[in-house]
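Here is the structure we will look at.
The values are calculated or read from the model by the stated rules, or taken from the named source; none is laboratory data. Treat the numbers as computed from the prediction; the structure is a model and nothing was measured. All Cβ positions, glycine included, derive from the backbone under ideal geometry; neighbour counts span all protein chains shown. Surface areas here come from the heavy atoms of the whole protein model, side chains and all, with no ligands, DNA or RNA. Shrake-Rupley method; radii C 1.70, N 1.55, O 1.52, S 1.80 Å.
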Amino acid sequence: ASFTMDKMQFDKAAYVDLLRKLIGENKNLQNNPPMNVPQEDLASDHVLRVLEPYTKEKGGPLIVKRETFVAGRGNVLLEYRSANEDATYVSFVGSHLDVVPANPDEWDFNPFELTIDGDMLRGRGVTDCLGHVAMITELFRQLAINKPALKVHVAAVFIANEENSTALGVGVDELAARGMIEKLKSGPVYWVDSADKQPCLGTAGMVAWQLRASGKLFHSGLPHQAINPMELAMEAVTNMQHRFYKDFPPHEKEKAYGFVTCSTMKPTQWSYPGGGINQIPAEATVCGDMRLTPFYSADDAIAKLKGYVNDINRDIEALPTRGPVSKYNLPDQGLKGRLELEILGAACSGIACSIDSVGNKLICEATEEVLGECKPYSLTGSLPLVKELQDQGFDLQIVGFGLMKTYHAKNEFGLLSDFESGFRILSRIIHKCSDRY
């Protein structure tokens with residue numbers, strides 16, 4: 001094509017230089033309030049500085065804007081526009097400017113600076129997600145240098161506050177609510193915050209729960225006088241799991257999407273108020289989560305879970321006991337064991353990306369051309385915000401070029417060669433989009 005994207009070269013030195021500056025700010029990008037409230041502008045200042053010579057204001061082709069709803073915590077919107085004003089958009093959204101916290105005492109290298117070992121780029125945020133911010137910035141810098149004559153508008157959105165779903169009105173949720181990204185609905189939208197270079201077709205919904213069992217405290221040498229809340233909690237969770245797996249069995253669509261596991265419900269934390277080893281405590285608490293493939297509704301699962309607990313409470317003596325003297329009812333004392341279920345925080349919805357859309361077709365073709373194969377996958381991790389955007393009418397596809405095994409992990413790293421592949425895949429997508437429209 002005359003507007004060839006083939007001249008688009010990934011400048012490794014420029015990429016690493018920007019990434020080094022971004023990682024250098026990450027101590028103040030950690031998102032874990034109230035202790036760590038990120039100041040995302042510290043990162044986007046570097047992005048704006050790199051792109052400034054190529055902006056419309058300086059005679060270049062790029063439109064660069066920062067949209068801020070909470071001071072110091074802006075989002076960055078980039079556009080490289082087609083000469084055809086009515087052109088469709090292709091956009092890259094979701095790469096975020098905040099990171100999860102890192103404890104340097106647990107790392108083998110300093111999380112708060114970029115270190116390089118051969119192809120390895122090491123530091124908090126390389127995979128999730130500053131490596132992608134630097135890659136897309138380099139993509140737009142190269143568009144500005146090469147000025148391809150495209151038949152589509154190309155946009156990118158770097159977002160604040162992706163790593164925390166409790167604070168609203170800071171990032172992409174607010175951009176969408178104010179109609180600032182509405183125009184991106186005209187074409188495919190790629191959420192660039194995943195890993196392993198292949199398209200991610202689906203993620204899971206997540207519901208966190210807490211189950212509190214109340215019993216009766218007593219000497220463990222006289223267990224017939226106690227109601228053991230630990231045994232009650234164990235049996236209750238067993239009952240709830242049996243019922244959950246009947247109600248939410250592996251779904252027929254999971255195979256087509258390549259989900260690694262089906263929906264799950266399990267305990268992950270256990271606590272009790274403390275006491276002697278020869279004491280049966282008065283209460284015990286189990287916490288855990290439900291991970292739901294996107295073919296099941298989180299609201300349904302919450303309603304079912306509450307139903308399981310209500311049923312157990314209604315007839316607590318029907319629950320199996322542990323041994324001849326274990327019981328959940330002391331009628332002579334008018335005491336019964338009791339369970340209380342609490343859903344912790346807001347449920348996060350899973351997403352099944354369209355596998356028939358233009359956006360999916362283009363990324364699969366581009367991936368195969370650059371990597372030699374396209375092997376999409378799905379997983380029961382959760383991504384915030386994406387389902388909500390899909391529900392609002394965006395053709396959302398998910399991809400990323402960091403490493404899944406280092407996501408949110410200590411000793412996080414990514415590979416320079418993978419981000420170069422990412423640059424080439426996104427360039428191909430733009431080229432194909434332009435050809436198509």
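Structure data summary
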read-out: Rg over Rh, two decimals, the stretch 162-212 (C-alpha only, Kirkwood Rh); value: 1.06
read-out: Å² of accessible area per residue within the chain, as computed with a 1.4 Å probe and no ligands counted; value: 43 Å²
read-out: Amide N of the stretch 376-415 lying under 19 Å from the label point, which is placed 7 angstrom from the Cα of residue 103 along Cα→Cβ; value: 406-413
read-out: Cα-only Debye scattering, the stretch 180-291: base-10 log of I(q)/I(0) at q = 0.10, 0.15, 0.18 Å⁻¹; value: -0.52, -0.80, -0.96
read-out: Rounded to the nearest 20 debye, dipole of the chain from Cβ charges on Lys, Arg, Asp, Glu; value: 280 debye
read-out: Net charge of neighbours whose Cβ lies under 13 Å from the Cβ of residue 302, counting Lys and Arg as +1 and Asp and Glu as -1; value: -3
read-out: Label point distance in nm, residue 12-residue 346, each placed 7 Å from Cα along Cα→Cβ; value: 4.3 nm
read-out: Extension reserve of the residue 391-residue 242 stretch, reckoned as 0.36 nm per residue once the Cα distance is removed; value: 50.5 nm
read-out: Furthest towards positive pole of dipole, 352, 274, 116, structure part the chain, Cβ charges; value: 352
read-out: Degrees, to the nearest 10: 416-436 long Cα axis against longest axis of the chain; value: 70 degrees
read-out: Candidate values (1) 24, 48, 22, 7, 0; (2) 28, 60, 12, 0; (3) 22, 50, 27, 1, label of the one derived for P(r) over Cα pairs in 20 Å bins from 0, in percent; value: (1)
read-out: Cross-link table 246/405; 7/405; 197/405, entries beyond 21 Å C-alpha to C-alpha; value: 246/405; 7/405
read-out: Helix 298-314 vs. the chain, principal-axis angle (Cα, 0 to 90°, nearest 10); value: 10 degrees
read-out: Whole-Å distance, taken between Cα centres, linking the stretch 24-75 and the stretch 361-435; value: 22 Å
read-out: Exposure of residue 17 as accessible area (Å², to 10), given a probe of 1.4 Å and all protein chains; value: 80 Å²
read-out: In the stretch 185-264, the chymotrypsin sites (Phe, Trp or Tyr not before Pro) that fall in loop regions by DSSP, at most 16 other Cβ within 10 Å; value: none
read-out: Student exercise, the stretch 235-364 dipole from Lys, Arg, Asp, Glu Cβ charges, in Debye to nearest 20; value: 240 debye
read-out: Kirkwood hydrodynamic radius of the stretch 54-131, from inverse mean 1/r over distinct Cα pairs, in Å; value: 15.9 Å
read-out: Neighbour net charge for residue 371 - beta-carbon separation under 12 angstrom, K R +1, D E -1; value: -3
read-out: Excluding exposed DSSP-loop GluC sites (Glu not before Pro) (at most 14 other C-beta within 10 Å), longest clean stretch of the chain; value: 114-251
read-out: The stretch 114-170, accessible surface, carbon-and-sulfur percent (1.4 angstrom probe); value: 52 percent
